[in-house]
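Here's the structure, in structure tokens; my notes come after.
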Amino acid sequence: MPAPAVHCRYIGEWVVTKHRWDLAVDQAEREALLSYAAGCLNVNLAFERAS
């Protein structure tokens, strides 16, 4: 299993990509992401919407 910081960064980048490209998230994916991210503290990511 990857180091926690790497794991949290990956989850964050996944979410940023979904937001940036306005991609849908179904309920199962949302619940999984929330579960995986539960132990991630102080992760701040920013994005700009794709044009």
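Bear in mind that the values in this text are calculations on the coordinates, not laboratory data. The structure presented is a predicted model; accordingly, all values stated were derived computationally and were not measured. Cβ placement follows ideal geometry from the backbone for every residue including glycine, while neighbour counts extend to all protein chains displayed.
Numbers at a glance
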item	result
In nm, spacing of pseudo-spin labels at TRP21 and LEU41 (7 Å Cα→C-beta vector)	3.3
Extended-chain gain in nm, criterion 0.36 nm per residue less alpha-carbon gap, ALA28 and ARG9	4.8 nm
Interatomic Cα distance distribution for segment 1-44, bins of 5 angstrom, percent	5, 22, 31, 25, 14, 3
